[in-house]
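Undergrad: This is the structure I have questions about; it appears just below.
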Amino acid sequence: MANKLLVEAIRKGTVIDHIPAGQGIKILKQLHLVDGNEKITVGFNLPSQEIGLKDLIKVENRLFTESEANELSLFAPSATINVIDNYVVKDKFTMSTPDALEGVFDCPNSNCISLHEPVTSYFKVTKKHESIYLKCKYCEKTFSKEIVAGL
Ligand SMILES: [Zn+2]
């Protein structure tokens, strides 16, 4: 009930819901949400029927680009994004782990040609034992998502 109120209290913007508890702070940092001037409301460790405890982020007057949504899906694959307009949920979608990420992160390998040539970074995304790994198309090295995202 309290969560529903939080969602409804926003006039226009985006609500990221069902973020696994503890990931919310990483998402704020990763998507540089606090660098802007938009009003942001966060809830950490909120009770959730689906996932136990969850984090929630509300960003007013802000929509997410496709590449931001892709980044988000790495950290919170179970999250739902609610697009709010005039207090109404206009659009609601669930994240899923992408098969590949293009142009989102630089390769952590300083010798990688993708850093020195005018090419777009490209990682193939794989999941092993609940951890997510990214394999660079150019140097063919595999990194954990935390390394690639610089966390
Ligand atoms: Zn590389």
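Undergrad: Could you check how much of the accessible area of the range 100-149 is carbon and sulfur, as a whole percent, using a 1.4 Å probe?
TA: Details: 1430 of 3210 Å².
The value for the range 100-149 is 45 percent carbon and sulfur by accessible area.
Undergrad: What is the chain's relative contact order, in percent, from Cα pairs under 8 angstrom and six or more apart in sequence? Before the final figure, lay out each step's value.
TA: Numbers: 277 pairs, mean separation 31.1, N = 151.
Relative contact order here is 21 percent.
Undergrad: Exactly which GluC sites (Glu not before Pro) in the range 68-151 are in a DSSP loop and have at most 10 other Cβ atoms within 10 Å? Don't skip to the end; give the middle numbers.
TA: Numbers: sites: Glu68, Glu71, Glu102, Glu130, Glu140, Glu146; in loops: Glu130, Glu140.
Within the range 68-151, the qualifying GluC sites (Glu not before Pro) (loop, at most 10 other Cβ atoms within 10 Å) are Glu130, Glu140.
Undergrad: Here's something else I'd like to know. Which of the lysines could be linked to Lys141 by a straight reach, that is with a Cα gap under 30 Å, when you skip same-chain ones fewer than 8 residues away?
TA: List returned: Lys26, Lys29, Lys124, Lys127, Lys128.
Undergrad: Still on this model: Which is the longest run of the chain containing none of the trypsin sites (Lys or Arg not before Pro) found in DSSP loop states (not H, G, I, E, B) with at most 15 other C-beta atoms within 10 Å? Could you put the intermediate results ahead of the total?
TA: Numbers: sites that count: Arg11, Lys39, Lys141.
Counting only loop sites that pass the neighbour cut-off, the longest clear stretch is 40-140.
Undergrad: Shifting gears a bit: Build a GNM of the chain with springs between Cα atoms under 10 Å: which of Asn82, Asn111, Asn70 gets the top mean-square fluctuation?
TA: Looking only at Asn82, Asn111, Asn70, the largest GNM fluctuation is found for Asn111.
Undergrad: Still on this structure, please answer the following. Summarise the accessible area of the range 2-94 (1.4 Å probe, protein heavy atoms) by the percent that is carbon and sulfur.
TA: Numbers: 2630 of 4940 Å².
Carbon with sulfur: 53 percent of the solvent-accessible area.
Undergrad: For Lys54, which aspartates and glutamates qualify as cross-link partners when the Cα separation must be under 16 Å and same-chain residues fewer than eight apart are set aside?
TA: Asp17
Undergrad: Hey, another quick one. Could you state the per residue volume, in Å³, of the convex hull enclosing the Cα atoms of the chain? Each step should come with its number before you reach the end.
TA: Working: hull volume 17.1 nm³, N = 151.
Measuring per residue, one finds 113 Å³ for the Cα hull of the chain.
Undergrad: What accessible area per residue comes out for the chain, rounded to a whole number of Å², with a 1.4 Å probe? Don't skip to the end; give the middle numbers.
TA: Values: 8750 Å² over 151 residues.
It amounts to 58 Å² per residue over the chain.
Undergrad: All other residues with a Cβ under 15 Å from the Cβ of Glu66 taken together, and with Lys, Arg as +1 and Asp, Glu as -1, what is their net charge? It would help to have the intermediate numbers written out before the result.
TA: Values: positive: Arg62; negative: Glu68, Glu71, Asp91, Asp99, Glu102.
Here the count lands on -4.
Undergrad: Continuing with this model, one more query. When only C-alpha pairs under 8 Å and at least 6 residues apart count, what is the relative contact order of the range 100-149, in percent?
TA: Details: 78 pairs, mean separation 16.8, N = 50.
Relative contact order comes out at 34 percent.
Undergrad: Evaluate the distance, in nm, between pseudo-label points positioned 7 Å from the Cα of Glu66 and of Asp85 along their respective Cα→Cβ axes.
TA: Placing both labels 7 Å along Cα→Cβ, they lie 1.9 nm apart.
Undergrad: Which aspartates and glutamates, on any chain, are close to Lys39 with Cα under 14 Å apart, when same-chain ones fewer than 8 places away are left out?
TA: Partners found: Glu60.
Undergrad: With every protein chain present, what accessible area does His116 have (1.4 Å probe, heavy atoms only), rounded to the nearest 10 Å²?
TA: 130
Undergrad: Go through the range 43-150 and name the chymotrypsin sites (Phe, Trp or Tyr not before Pro) that are in a DSSP coil and have 13 or fewer other Cβ atoms within 10 Å of their Cβ.
TA: Details: sites: Phe44, Phe64, Phe75, Tyr87, Phe93, Phe105, Tyr122, Phe123, Tyr133, Tyr138, Phe143; in loops: Phe64, Tyr87, Phe105, Tyr138.
Here the chymotrypsin sites (Phe, Trp or Tyr not before Pro) that fit, given the DSSP loop and packing criteria, are Tyr87.
The values are calculated or read from the model by the stated rules, or taken from the named source; none is laboratory data. Keep in mind the model is a prediction, meaning the values are calculated, not measured. Cβ sites come from the backbone with ideal geometry, for glycine too, and all protein chains shown count toward neighbours. To get the accessible areas, we keep the full protein, side chains included, count just its heavy atoms, and leave off ligands, DNA and RNA. Shrake-Rupley method; radii C 1.70, N 1.55, O 1.52, S 1.80 Å.
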